[in-house]
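Peer 1: Can you keep this structure in mind? I'll have questions shortly.
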Amino acid sequence: MDFTKMHGLGNDFVVIAGETALPEGADALAVRLCDRNFGIGADGLVFILPSDSADFMMRIINSDGSEAEQCGNAIRCVAKYVYDNGLTDKETITIETLGAGAQQVQLTVENGKAAAVRVDMGRPVLAGLEVPTTVDADPVIGHPIEVDGREFRFTAVSMGNPHCVIFVDDAAGFDLHTWGPKLEVHPLFPRKTNVEFVSVTNRSHADMRVWERGAGPTLACGTGACATVVASVLNGLTDRTATVSLKGGDLLIEWSESDNRVYMTGPAAEVFRGSLQGGLQ
Ligand SMILES: N[C@H](CCC[C@H](N)C(=O)O)C(=O)O
């Protein structure tokens, strides 16, 4: 069983193509392969599968074995993989995910390889009960949430997966490891949540650090960057097009006023290829 190690701004994945459906035990396999000491090491395990409604389907399993509905950095990696490996010759393709259906993906090709990738990440879901949260409001902006005696104010956004966006003075210096895991499992989020700490520097730029549901601290989060710009607009802090700087690099995000869809542009990279001894067991 061959695999390809890829990343989007350091948010890294083991990518497996060629299966016709999600294999039995994909959760346990993700835990094993994503282990950075005893496995390959990655934030998630990604399967490229056939689709009835798009050119390809992507399914993503976090390193803790939980399946996510959507993954922005992984979808750019999948787009690069299918083009670079000749599974398609189209530079505009569609990829289906559980959380957003068939999404249009535009490749920028350089020297025969996909370089930058622009993804239609779909429409944000802002109704609190649909994110989901337990807050019956639409949208949920600046809502109080308390953990260990400390109160934060969050804005809730779903990009197919849930996000808890909190504005702080210094995202890069914020104590992500203390507060991220507590907020990830807060009862206000029935399906847990990704947590973004954001400091806005001007109308077209924000710094963001992320604690991901099911993966912990990652260097970048594509859906989180989308949620960051949506929340920043809802809070009157940025314009609808902004660059989000993550620990692993920058993503350009546009929340289009005309179609209410969020577009994400960023890189994807292949690091190495390998084969799994003993297949998918
Ligand atoms: N951990 C996320 C999935 C990966 C999202 C992130 N890596 C991205 O690039 O969007 C979740 O459980 O919702």
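The values are calculated or read from the model by the stated rules, or taken from the named source; none is laboratory data. Everything quoted here is computed from the prediction, not taken from an experiment. Note: ideal-geometry Cβ built from the backbone for every residue, glycine included; neighbour counts use all protein chains shown. Surface areas here come from the heavy atoms of the whole protein model, side chains and all, with no ligands, DNA or RNA. Shrake-Rupley method; radii C 1.70, N 1.55, O 1.52, S 1.80 Å.
Peer 1: Which condition number does Ala102 fail, the rest of (1) free of Cβ contacts under 8 Å to residues at least 60 places away in the same chain; (2) away from the ligand (no atom under 13 Å from the Cβ); (3) over 25 Å from Val131 (Cα atoms) being met?
Peer 2: If we test Ala102 against (1) free of Cβ contacts under 8 Å to residues at least 60 places away in the same chain; (2) away from the ligand (no atom under 13 Å from the Cβ); (3) over 25 Å from Val131 (Cα atoms), just (3) comes out false.
Peer 1: Let me ask you something else. Restricting attention to the stretch 97-117, report how many residues are closer than 13 Å to Thr265 by Cα and in contact with a helix residue (DSSP H, G or I) (Cβ under 6 Å, 6 or more places away or on another chain). Outline the logic, then answer.
Peer 2: Just the residues of the stretch 97-117 that are closer than 13 Å to Thr265 by Cα, to begin with: 104-108, 114-117.
Restricting the remaining residues to those that are in contact with a helix residue (DSSP H, G or I) (Cβ under 6 Å, 6 or more places away or on another chain) gives 105, 107, 114, 117.
Number satisfying all stated conditions: 4.
Peer 1: Just name the residue that is farthest from the ligand (Cβ to nearest atom) out of those in the stretch 1-25 that are surrounded by 14 or more Cβ atoms within 10 Å (Cβ to Cβ) and assigned to a loop (DSSP other than H, G, I, E, B).
Peer 2: First, pick out the residues of the stretch 1-25 that are surrounded by 14 or more Cβ atoms within 10 Å (Cβ to Cβ): 1, 3-17, 19, 22-23.
Within this subset, residues satisfying the condition of being assigned to a loop (DSSP other than H, G, I, E, B) are 1, 9-10, 19, 22-23.
Details: Met1: 23, Leu9: 9, Gly10: 11, Glu19: 20, Leu22: 15, Pro23: 19 Å.
For the stretch 1-25, the residue satisfying everything is Met1.
Peer 1: Right, another one. Sort out for me the strands (runs of 3 or more DSSP E) sitting completely within the stretch 166-281 that have 2 or more residues that are open to solvent by 50 Å² or more (accessible area, probe 1.4 Å) and among the charged types (D, E, K, R). Quick ask: steps written out before the conclusion?
Peer 2: Values: elements: 194-202, 205-212, 216-218, 241-246, 249-255, 262-267, 269-275.
Counting at least 2 such residues, we get 249-255, 269-275.
Peer 1: Tell me which of these Thr97 doesn't satisfy, since it passes every other one: (1) open to solvent by 10 Å² or more (accessible area, probe 1.4 Å); (2) within 11 Å of the ligand (Cβ to nearest atom).
Peer 2: (1)
Peer 1: Identify, please: which residue in the stretch 58-93 is away from the ligand (no atom under 16 Å from the Cβ) and either modelled with pLDDT under 95 or not β-branched (Val, Ile, Thr) (or both) and is, among those, most open to solvent (accessible area, probe 1.4 Å)?
Peer 2: Going through the stretch 58-93, the residues away from the ligand (no atom under 16 Å from the Cβ) turn out to be 82-93.
Still in the running and either modelled with pLDDT under 95 or not β-branched (Val, Ile, Thr) (or both): 83-87, 89-91.
Working: Tyr83: 39, Asp84: 29, Asn85: 51, Gly86: 59, Leu87: 89, Asp89: 130, Lys90: 85, Glu91: 83 Å².
In this case the residue turns out to be Asp89.
Peer 1: Which one is nearest to Val157 (Cα to Cα), of the residues in the stretch 27-76 that are part of a helix (DSSP H, G or I) and among the small types (Gly, Ala, Ser)?
Peer 2: Residues of the stretch 27-76 part of a helix (DSSP H, G or I): 27-34, 72-76.
Of the ones still in play, those that are also among the small types (Gly, Ala, Ser) are 28, 30, 72, 74.
Numbers: Ala28: 29, Ala30: 26, Gly72: 14, Ala74: 19 Å.
My answer is Gly72.
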